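Here the structure is laid out as structure tokens; the discussion comes afterwards.
Laboratory data are not the source of any read-out in this text; all were calculated from the coordinates shown. In this text the structure is predicted, and so the values were computed from the model without any measurement. Virtual Cβ from ideal backbone geometry, glycine too; neighbours counted across all protein chains shown.
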Amino acid sequence: MSTLFGRMALRFGTHPENIAVEALHDILSCDSAKKSFLDFLSRMSGMDMHNVKEIKREKAGEQGERPDLTFWDESGQKLHILEAKFWAGLQDTQPVGYLNSMNARPSILVFLSPKNRFEHLWHDLENRCLMAKYYYWNNEQKKDGFWTVSPREGQIIALTSWDIILSHISENLSANESNVNADVYQLKGLCEVYETPDFLPLTQHELDDRLIPRRILNYCNLVYKIISLATKKLKLNKGQLNGTYDYYGACVNSKKLNAWLGISYEKWRDYGLTPIWLQAYNRFNENNKLIANLPQWSKETSQSKRFFVNKNGSHFIALTLPLGCLEDKVIDNVITQLEEILKYC
């Protein structure tokens, strides 16, 4: 659907999540919308949220966390947090910093995102919890459009979509609340635009941000250097580097390996994690030992979150890039990952 609010937010807004959250906060100022919203979260999470007195837009906390919406009881205690996402990645303080900021028990941290981003965002949340002290990943449940897990005693992380939340609010508004229903409709229009992979109108911020083309050139140069070093150090043969709008890379092979290595913009968009991917495939119907052994690799190295199989049977591995390192360290790190993977050929 196309709405005036959605078109104006696209045309003039730099950060769509902020606009959408402000709109949601305004909608929840209506008592019946707020009740419907809390009813839904209570029913789906199994946590009674009816002691929420006020929903606020929040300022930055001690650890730099700035939740989108916070839920408070009558005594002024912060009970729950809601964080909205379209395509932006998790911040450094998410989710652990947010969980630490909630002293109340029970409490829930809700993430809103597009449905087709659930898998990647869920994996990212899981990895961050498991890497933090005193956190775990228990009682995972994936209901239709509403996923929950317990990262520690008395706390829940939930993931649901904008469409589900807004549809539930709209369905439970009375006939004399047409103004609020119209607001929900306008916000759904904005969310629908940002939840689709179609071309988004450009913003001046994007055009002025020269870090974007600089990084794209950095990634292309990284791929060239990684493939060049891999052919020497790992004794791989390489094809010609080439690319289109959705990829840039080259075939790499040996007696035991048939693969492609490079930037996959589609995989990066769909799964996040990294721009650089290894794709294993069968050439001329030959047996590719890596494909046969990838499930074993992912299990033995606990790397299942980096291993994906497309509907057409293509096998992809995310080659993660270390943060805060100079180029030579990044290249060495990727070569080390390739060495470990090739042990399963």
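The figures follow:
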| read-out | value |
| --- | --- |
| Per-pair calculated FRET efficiency, R0 = 45 Å: Q240 and D31 via Cβ, rounded to 0.05 | 0.10 |
| Under 17 Å from the D209 label point (7 Å along Cα→beta-carbon), backbone N, the stretch 13-48 | 13-20 |
| Cα-centred dipole magnitude for the chain, charges only on beta-carbon of K, R (+1) and D, E (-1), debye, nearest 20 | 1680 |
| Nearest 10 degrees, 0 to 90: helix 211-233 Cα axis against the chain principal axis | 30 |
| Nearby lysines by direct alpha-carbon distance to K329 (threshold 18 angstrom, same-chain neighbours under 8 apart not counted) | K225, K232, K233 |
| Neighbour-count ranking [beta-carbon atoms within 10 angstrom, fewest first] of K133, K115, K305 | K133, K115, K305 |
| Relative exposure of R117, R128, judged by other C-beta atoms within 10 Å (fewest first) | R128, R117 |
| C-alpha long axis of helix 162-171 to longest principal axis of the chain, angle in ° | 20 |
| Contour excess over end-to-end distance, with Cα ends at E22 and N293 and 0.36 nm allotted per residue | 92.7 nm |
| Positive dipole terminus of the chain, leading residue within Q186, N221, N172 (C-beta point charges) | N221 |
| Cα-based helix-to-principal-axis angle, 178-195 vs the chain, degrees rounded to 10 | 10 |
| Least to most buried among T274, T320, T196 (fewest other Cβ within 10 Å first) | T196, T320, T274 |
